[in-house]
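A.B. asks: For reference, the structure I am asking about is given below.
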Amino acid sequence: MKKLLLLFVFTAIVSAVSAQDYYARDGRFSKKFRYGVTGGLNVTGVSHVDDSEAKASIFAGVFAEFKLGRIVGIQPEVIYSRQGWHSHVNDTKTWHRLNYINIPVLVKLYLIDGLSLDLGPQFGILLNAKAKMKLPDGDKVKRDIDHVKGGDISFDMGLTYNFRSNVFVNARYNLGLTDNLKHNSGDNFSNRVFQLGIGYAF
């Protein structure tokens, strides 16, 4: 899977470099390079965890876009992302939080003026993992989670729409590809993240 993702990115770059440069006259894409900030809402969960529920949180970060042709760009990002899930087992509620620094490397395909399809791999670095439990008697217990791996690989797919004011909005889904549990002999424990974001490009 990793080799296929790298091959996809490499093919897109080669084809884009050979394409004729073109930029819209309205100024939104007149720059071959732009950078900016982004942030928004995360709705996160994990695969193959019984009684798990999605968890809402936030993400925020920075990006740079390199326009390679009239329809293709490459956009690396550095994103702080709060992820995790809820569970409710035997009258005990547990909130699991996984804090990541994610580094997506996206190929942006401009379908029409202002709208791009965004695809590419994402590499995640786990900052910390914590759990907060509410016991049946009402007591609350906090603890570190030490059985989650420090690295994560996902495949990102989404859409971005750019307004004339340099503001943009996007929707993205991050499909986890790696088993993130240490010494796991069962089903894969993979991240699932849906994002709604807004940003500004300089």
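The values are calculated or read from the model by the stated rules, or taken from the named source; none is laboratory data. Values in this document were obtained by computation on a predicted structure and should not be read as measured data. Reconstructed Cβ throughout: ideal geometry from the backbone, glycine too, with neighbour counts over all protein chains shown. Ligands, DNA and RNA are stripped out before the accessible areas are found, and what is left, the full protein with its side chains, is counted by its heavy atoms. Shrake-Rupley method; radii C 1.70, N 1.55, O 1.52, S 1.80 Å.
A.B. asks: Note down all Cβ pairs under 8 Å where the first residue falls in the stretch 43-57 and is closer than 18 Å to Lys130 by Cβ, the second is of a type in the set (Phe, Trp, Tyr) and open to solvent by 70 Å² or more (accessible area, probe 1.4 Å), and they're at least six residues apart or on different chains.
C.D. replies: Thr44/Phe194; Lys55/Trp95
A.B. asks: Just to be sure I understand the filter: pairs with C-beta atoms under 6 Å, separated by 6 or more residues or on different chains, first member in the stretch 72-94 and within 17 Å of Phe123 (Cβ to Cβ) and in contact (Cβ under 8 Å) with a residue 60 or more places away in the chain, second member open to solvent by 50 Å² or more (accessible area, probe 1.4 Å) and not basic (Lys, Arg). Which pairs pass?
C.D. replies: Between residues of the stretch 72-94 that are within 17 Å of Phe123 (Cβ to Cβ) and in contact (Cβ under 8 Å) with a residue 60 or more places away in the chain and residues that are open to solvent by 50 Å² or more (accessible area, probe 1.4 Å) and not basic (Lys, Arg), the close pairs are Ile74/Phe66.
A.B. asks: Which pairs turn up if I take residues in the stretch 142-156 that are closer than 11 Å to Pro104 by Cα and look for partners that are open to solvent by 40 Å² or more (accessible area, probe 1.4 Å) and among the basic types (Lys, Arg) with beta carbon separation below 8 Å, at least 6 apart in sequence or on another chain?
C.D. replies: Within 8 Å, the pairs are Ile153/Lys2.
A.B. asks: Next question. Which members of the stretch 115-164 meet the condition of being surrounded by 13 or more Cβ atoms within 10 Å (Cβ to Cβ) and under 28 Å from Asn90 (Cβ atoms)?
C.D. replies: Correct list: Leu126, Ala129, Lys130, Ala131, Lys132, Met133, Lys134, Leu135, Ile145, Val148, Lys149.
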